[in-house]
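Chemist: Please find one structure pasted underneath; my questions will follow.
Derivation of every value follows stated rules applied to the coordinates shown; laboratory data play no part. All values derive from a computational prediction rather than experimental measurement. No Cβ is skipped: glycine too gets one built from the backbone with ideal geometry, and neighbour counts run over all protein chains shown.
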Amino acid sequence: TPAFGHATLANCEREQIHLAGSIQPHGILLAVKEPDNLVIQASTNAAAFLNTNSVVGRPLRDLGGDLALQILPHLNGPLHLAPMTLRCAVGTPPRRVDCTIHRPSNGGLIIELEPATKTTNIAPALDGAFHRITSASSLLGLSDETATIFKEITGYDRVMVYRFDDEGHGEVLSERRRPELEAFLGNRYPASDIPQIARRLYERNRVRLLVDVNYTPVPLQPRISPLNGRDLDMSLSCLRSMSPIHQKYLQNMGVGATLVCSLIVSGRLWGLVACHHYEPRFVPFDIRAACEALAETCAIRIAALESFAQSQSELVVRRLEQRLVEAVSRDGEWQAALFDGSQSLLQPLGATGAALLFEGQVTTAGDVPSTQRIRDLAAWLDRRRKTTEPAPQALTVTAALTLDEPSFMDLRPIASGLIAAPLSASEGEYLLWFRPEQVRTVTWGGDPLKAVIIGDDPSDLSPRRSFAQWHQLVEGKSEPWSPAELASARLISETVADVALQLRSVRMVIAQ
Ligand code: BLA
């Protein structure tokens with residue numbers, strides 16, 4: 001596992017970013033031993049910040065101001081879970097600082113000090129902001145509104161709302177930017193752009209400020225904690241130095257400063273609100289705290305909208321079932337009922353096309369291959385059913401049909417994703433759903449992708465390289481089918497199979 005600062009593009013997935021051993025220079029860090037509150041580690045800029053000769057080895061109360069006194073009442077709180085911030089004074093003469101304290105996993109107390117800035121009264125702006133977030137009625141509306149609000153409140157040149165898919169690949173869902181900047185809206189990035197270690201960290205530490213990407217990191221002195229002989233765990237530190245690889249990425253983009261908030265939905269990193277500025281930019285603690293609260297509110301709204309969408313899908317499926325059953329008792333025209341308002345057949349699965357093969361007939365909705373190719377697919381499915389083990393009623397599911405089965409290459413791009421549900425024991429009777437290849441639904445304005453070489457040099461890192469890499473990873477593949485979509489497919493196809501079987505037995509009775 002590469003230590004902080006030693007990772008290369010080949011192994012950066014495992015870089016120990018929480019063991020940075022250094023901070024950004026806009027504040028100072030003190031590690032303190034209890035109960036005597038002796039400073040045992042300090043960033044090398046601490047003495048100058050406090051206007052004193054030395055810091056390490058001295059008790060907190062000797063450092064001037066009311067720092068030692070102010071933190072006292074908080075030391076029994078849950079500081080190992082989340083840092084807390086208070087205003088106090090420290091140094092000679094005492095200066096006003098924002099002081100953030102927390103307990104790292106491996107012992108002691110971490111105190112981080114930033115110069116206090118004049119507080120702006122953001123309460124009025126926030127009031128409206130929370131309401132706008134909680135009243136958003138669609139995911140995209142919510143995401144756009146969140147980007148707008150973050151731009152208003154933080155003043156960064158660009159704000160992007162990122163969403164991660166089930167495989168961790170990222171997508172820029174919304175963007176607000178100064179008009180002269182290149183647009184990143186709609187861009188896709190591979191999961192490898194943000195290592196797993198960083199993602200897990202962002203679930204705990206939900207706001208990251210990078211004040212100046214061209215900063216020189218300030219080391220801790222001593223580097224190793226005298227408490228346990230190990231690197232200080234800086235997971236929850238607000239001044240932590242960022243990974244040099246990520247720093248390089250941002251420098252290559254021409255970005256000067258960032259502020260990024262995690263969107264945590266059901267305990268998982270769902271996405272990010274990423275703010276970029278093209279010059280160094282500092283935002284004080286109170287604005288960061290407001291951003292954290294807004295991101296949390298946004299995440300709660302996302303969860304609500306997702307669960308609403310899920311119940312809507314379930315409702316659509318139930319209505320479809322009802323229509324089928326009614327059709328059977330009315331005139332037996334269940335095929336017509338199935339395709340009546342084809343959205344109810346497509347929407348619950350997020351499919352773009354569907355086809356029914358039954359008693360030699362092919363009925364379709366949306367974007368589908370030619371009738372002949374649909375019949376070819378059924379024949380292929382019949383062959384697979386004979387040679388593979390699973391239960392005869394099992395769904396065939398793929399997000400990469402044309403890679404799995406090159407003879408269907410001509411079905412690109414409309415049928416990269418396929419769900420096939422057998423409707424009976426007979427051959428050639430299926431309900432099929434299709435989904436297009438992802439890269440066909442995404443474009444990058446400007447140069448063709450071919451121009452990008454994906455090498456191992458950090459100097460090559462760029463959104464364009466990321467996009468090209470994502471492109472390679474998902475080429476030929478549709479968006480993966482989610483468990484909820486598969487459940488809908490199962491429900492619909494089982495109902496169709498029941499209905500079809502029922503009518504067949506009725507016809508047999510009549511024929512006798
Ligand atoms: C972190 N990489 C990140 C973060 C983003 C990106 C958003 C999170 C930063 C944060 O939350 O503060 C990626 N940023 C992007 C992309 C765009 C952008 C794609 O603005 C496009 C517009 N990064 C790589 C590669 C590696 C890598 C190849 O691209 C290594 C394999 C590493 N990225 C990397 C690391 C971090 C990171 C180590 C963690 C940074 C840290 O918190 O210290």
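Chemist: Across the Cα atoms of segment 141-200, what radius of gyration and what greatest pairwise Cα-Cα distance (Dmax) are found, in Å?
Modeler: Cα-based Rg and Dmax for segment 141-200 come out at 12.5, 35 Å.
Chemist: Let me ask something additional. In debye to the nearest 20, how big a dipole does segment 207-325 give about its Cα centre with +1 on each Lys and Arg Cβ and -1 on each Asp and Glu Cβ?
Modeler: Charge dipole, segment 207-325, about its Cα centre: 220 debye, nearest 20.
Chemist: I've got another one for you. Long-range amide H contacts for Leu423: which residues qualify at under 5 Å (H placed 1.01 Å from N, peptide plane, sequence gap of 5 or more or a different chain)?
Modeler: Amide H to amide H, under 5 Å and 5 or more residues apart or across chains, Leu423 pairs with Glu429, Tyr430, Leu431.
Chemist: Below 11 angstrom from the Cβ of Cys88, what's the summed charge of the other residues (Lys, Arg +1; Asp, Glu -1)?
Modeler: Taking every Cβ under 11 Å from that of Cys88, the sum is +1.
Chemist: Got a sec to turn the phi values of segment 253-259 into Karplus ³J(HN,Hα) couplings, 6.51 cos²θ - 1.76 cosθ + 1.60 with θ = phi - 60°, whole Hz, x for Gly and Pro?
Modeler: So the J values, rounded to whole Hz, are 7, x, 7, x, 7, 9, 9.
Chemist: Given contacts defined as C-alpha pairs under 8 Å and at least six residues apart, what's the relative contact order of the chain, whole-number percent?
Modeler: Result for the chain is 14 percent.
Chemist: Return Lys386, Lys248 ranked ascending by Cβ neighbour count within 10 Å, so the fewest neighbours appear first.
Modeler: Taking fewest neighbouring Cβ atoms as first place, the list is Lys386, Lys248.
Chemist: Compute the projected area of the convex hull of the Cα atoms of segment 307-511, averaged over all viewing directions, and report it in nm² to one decimal place.
Modeler: Taking a quarter of the hull surface, the average projection is 14.6 nm².
Chemist: How big is the dipole moment of segment 22-115 about its Cα centre under a simple scheme where the beta carbon of each Lys and Arg is +1, that of each Asp and Glu is -1, and everything else is neutral? Debye, nearest 20, please.
Modeler: 60
Chemist: Shifting gears a bit: If the reach is capped at under 12 angstrom between alpha carbons, list the aspartates and glutamates near Lys151, excluding any in the same chain fewer than eight residues apart.
Modeler: Hits, sequence-local ones excluded: Glu175.
Chemist: Let me ask another. If r is the Cβ-Cβ distance from Ala123 to His6 and R0 is 45 Å, what FRET efficiency results, to the nearest 0.05?
Modeler: After rounding, the FRET efficiency stands at 0.50.
Chemist: I'd like to know which of Val56, Leu345, Thr363 lies farthest towards the positive end of the charge dipole of the chain, counting +1 on Cβ of Lys and Arg and -1 on Cβ of Asp and Glu.
Modeler: Checking the options against the dipole of the chain, the answer is Val56.
Chemist: Okay, moving on. In terms of Cα to Cα distance under 12 Å, which aspartates and glutamates are near enough to Lys118, apart from those fewer than 8 places away along the same chain?
Modeler: Leaving aside aspartates and glutamates fewer than 8 places away in the same chain, those within reach of Lys118 are Asp98, Asp286.
Chemist: Out of segment 134-230, which GluC sites (Glu not before Pro) are coil in DSSP terms and have no more than 15 other C-beta atoms within 10 Å?
Modeler: Glu167, Glu180, Glu182
Chemist: Give the Cα extents of segment 22-115 along the principal axes, in whole Å, largest first.
Modeler: The Cα atoms of segment 22-115 stretch 31, 25, 23 Å along their principal axes.
Chemist: What's the Cα-based Rg to Rh of segment 344-443, Rh via Kirkwood?
Modeler: With Rg and the Kirkwood Rh in hand, the quotient comes to 0.94.
Chemist: Per Stokes-Einstein, at 20 °C and 1.002 mPa s, what whole-number D in µm² s⁻¹ belongs to the chain, with the Kirkwood radius over Cα pairs as the hydrodynamic radius?
Modeler: It diffuses with D of about 81 µm²/s by this estimate.
Chemist: Also, I was wondering about something else. I need the phi-derived Karplus couplings for segment 369-379: 6.51 cos²θ - 1.76 cosθ + 1.60, θ = phi - 60°, integer Hz, Gly and Pro marked x.
Modeler: Listing the rounded values in order: x, 5, 4, 4, 5, 5, 5, 4, 4, 4, 5 Hz.
Chemist: Work out, step by step, the length gained on full extension between Ser311 and Glu359: first 0.36 nm times the residue separation, then minus their alpha carbon distance; give nm to one decimal.
Modeler: Once the chain is fully extended between Ser311 and Glu359, it gains 14.0 nm.
Chemist: Enumerate the aspartates and glutamates that Lys386 could reach by cross-link, defined here as Cα to Cα under 16 Å, with residues fewer than 8 away along the same chain left out.
Modeler: Asp376, Glu427, Glu429
Chemist: Taking the chain as the reference, fit the longest principal axis to its C-alpha atoms, fit the long axis of helix 463-474 to the helix C-alpha atoms, and give the angle between the two in degrees, 0 to 90, nearest 10.
Modeler: 40
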